[in-house]
Amino acid sequence: MGGLHKGHTHLINAAKLASRDQSASVVVSVFVNPLQFGPKEDFQNYPRDIESDFDLANEAGASVIWAPTINDIFPGGPSSHFNLKVPVELNDHLCGPYRPGHFNGVASVMIRLLTIIKPQILFLGEKDWQQLIIIRRLVEDLDLPVKVRGIKTIRDPDGMACSTRNEKLSPSQRLKAVELSKQLAKAVEKNKKGDSIDTNHMKLELKKSGLTVDYLETVDPYSLKIINPKEKLCLLAGAIRCGEIRLIDHTFLMTRKPLVAIDGPAGAGKSTVTRKFAEKLKLLYLDTGAMYRAVTWLIQDQNVDIKDKVALNNMLKNLDLKLEKSPNGDQTISINGDNVTEQIRTSGVTAFVSQVATISSIREFLTKQQKSMGINGGIVAEGRDIGTSVFPDAELKIYLTASSKERALRRASDLKKRGIQVPSLEDLENQIQQRDELDSTRDISPLKKAEDAIELKTDGMNIDEVVEKLIELFQSKVPEEIWPSASY
Ligand code: DC
């Protein structure tokens, strides 16, 4: 809406970086949208300075600054165009109840901006979090051909979130208003220590500073439903009024780094894409299939009878399974001191592993180890039961799949590259279908798509396309503020 500041510079920089790969232009739109102001709100007094906006956008690297008139956006006037209505579930918390019609106005103008400019990527500030979530849903529901990227909130040295409306605060009002960001920062520290967050107490503190509190709520950042901050990722958001000026701010409460679960059938290309994806996002890669394979290798090496529960339990009692990163960045796996990274990929292990993976004591042992490896988050784990059993509260769950024909082709090319004899495609497809059958029909933790997982069918997609899609999905489930993705 103009009145550009440091936060916008950051958005433009991010767009500029992304535009390099795509040889695209960065268009900065400046439009004070009349539809998103209520009758008693500050449409007339909203800060406007197109000259200084132009300079800032130009310096930040914009190719074009586009400042349309109301008539350019709504020929014939706003009332001669369709008006969109935001779903109630996204509008009945946070700013929605305090600004009736606001988000309908935002959505109605956004669809015009998008259809006029037709951008590849839309960059929006996370500062207006509810707006970001609503626009994402708009794009998703209308299947608009644009990616939406949220960019983290930029703050002034005193902690206050950069906002165009800040410039309307007098110095004494600024001293009061900064209390909102201070309270939010305190809540983050408390949450890290495991202390509970008392929003009523926070509201009192804000009132004591001379602010009027519209709301201070803890919600799920994506559904925007009220949640307890103890639950996974939580948005703590507030709106205050300092005299006539209304300001919003938020923070995220989270006690660990993000977790990503990637499940799917054999040969869907999980390992390759997960490894690349983890590297790009600076998350640790955990190949849980390798753990089942290592145990299978040990069973075969020690000739353990898998029907002999006592022998199995003895094996598990003394089991020392380690996953480590080798100096060249690859993952190595050792079991009881033996490095078995290569051995676990042989056809003997592959043929037997699904059977071993049905044994409950082995699943319990490995699931426990996997859970403890993920206790602080920061992991992308791939397997069959990650989203359903190992990390059911992962921020992003993917069910990666492909037709059995495509998977057989991929397996063949993989074996060829590794110099291993390639069976016929028919045999490979049969083997894959047999493993699918075993993995998805076993009693404990069968392979199945978690209810909240996103299914990604990769037929016809190359590795980079799948990785790019995964990054896009990650960005839509984890705020940049929590985990900056280095890819733009
Ligand atoms: O992904 P992979 O092919 O390396 O996995 C080997 C086997 O291990 C697979 O057939 C099923 C089993 N597995 C499992 O049951 N649960 C997991 N989380 C990972 C693998």
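The values are calculated or read from the model by the stated rules, or taken from the named source; none is laboratory data. Bear in mind that the values here come from a model prediction, so they are computed numbers and not experimental data. Cβ atoms come from the backbone with ideal geometry, glycine included; neighbour counts cover every protein chain shown. When the accessible area is computed, the model is the full protein with side chains, heavy atoms only, and any ligands, DNA or RNA have been set aside. Shrake-Rupley method; radii C 1.70, N 1.55, O 1.52, S 1.80 Å.
Explain nothing, just the number: dipole magnitude of region 367-488 about its Cα centre with +1 on each Lys and Arg Cβ and -1 on each Asp and Glu Cβ, in debye rounded to the nearest 20.
On the way: 18 positive and 23 negative charges, 97 e Å.
With Lys and Arg at +1 and Asp and Glu at -1, about 460 debye.
Is the shape of region 109-170 rounded, prolate or oblate, going by the alpha carbon gyration tensor and its root eigenvalues a ≥ b ≥ c, with a/c under 1.5 for rounded and a/b larger than b/c for prolate? Present the calculation step by step, with values, prior to reporting the outcome.
Values: a/c = 2.76, a/b = 2.29, b/c = 1.21.
Prolate shape, in that a/c is at least 1.5 and a/b is the bigger ratio.
Label separation (Asn376 vs Gln355): 4.0 nm, computed from points 7 Å beyond Cα along the C-beta direction.
Of the listed pairs Lys193/Lys397; Lys322/Lys371; Lys192/Lys282; Lys368/Lys449; Lys282/Lys469; Lys270/Lys448, which have alpha-carbon separations greater than 19 Å here?
Working: Lys193/Lys397 27 Å; Lys322/Lys371 14 Å; Lys192/Lys282 22 Å; Lys368/Lys449 21 Å; Lys282/Lys469 17 Å; Lys270/Lys448 15 Å.
Too far apart for the 19 Å limit: Lys193/Lys397; Lys192/Lys282; Lys368/Lys449.
What does the charge count around Val28 come to, taking other residues whose C-beta lies under 13 Å from its C-beta (Lys +1, Arg +1, Asp -1, Glu -1)? Value of the local net charge: -2. Between region 1-30 and region 128-162, the alpha-carbon centres lie 13 Å apart. Calculated on C-alpha atoms, the gyration radius of the chain divided by its Kirkwood radius gives an Rg/Rh of 1.04.
In region 313-456, taking the dipole from charged Cβ atoms about the Cα centre, the farthest positive-side position among Ser404, Leu316, Asn430 is held by Leu316.
Quick check: net charge around Gln331, other residues with Cβ under 15 Å of its Cβ, Lys/Arg +1 and Asp/Glu -1?
On the way: positive: Lys270, Arg275, Lys276, Arg293, Lys322, Lys325, Arg345; negative: Glu279, Asp287, Glu324, Asp330, Glu342, Glu382.
Surrounding charge for Gln331 is +1.
Solvent-accessible area assigned to carbon and sulfur over region 103-152 amounts to 52 percent, based on a 1.4 Å probe. DSSP assigns beta bridges within the chain; of those with both partners inside it, close to 50 percent run antiparallel.
Quote the charge dipole size of the chain about the Cα centre in Debye, to the nearest 20; the model charges only the Cβ of Lys and Arg (+1) and of Asp and Glu (-1).
Numbers: 66 positive and 65 negative charges, 136 e Å.
Using Cβ point charges on Lys, Arg, Asp and Glu, the chain gives about 660 debye.
Sparsely packed loop sites in region 278-322 (the chymotrypsin sites (Phe, Trp or Tyr not before Pro) outside DSSP H, G, I, E and B with at most 12 other Cβ atoms within 10 Å) do not occur. For the chain, the residue among Gln120, Ile226, Ile386 whose Cα projects farthest onto the positive side of the dipole built from Cβ charges is Ile226. The residues of region 59-108 present an accessible area of 52 Å² per residue when probed at 1.4 Å with all protein chains retained.
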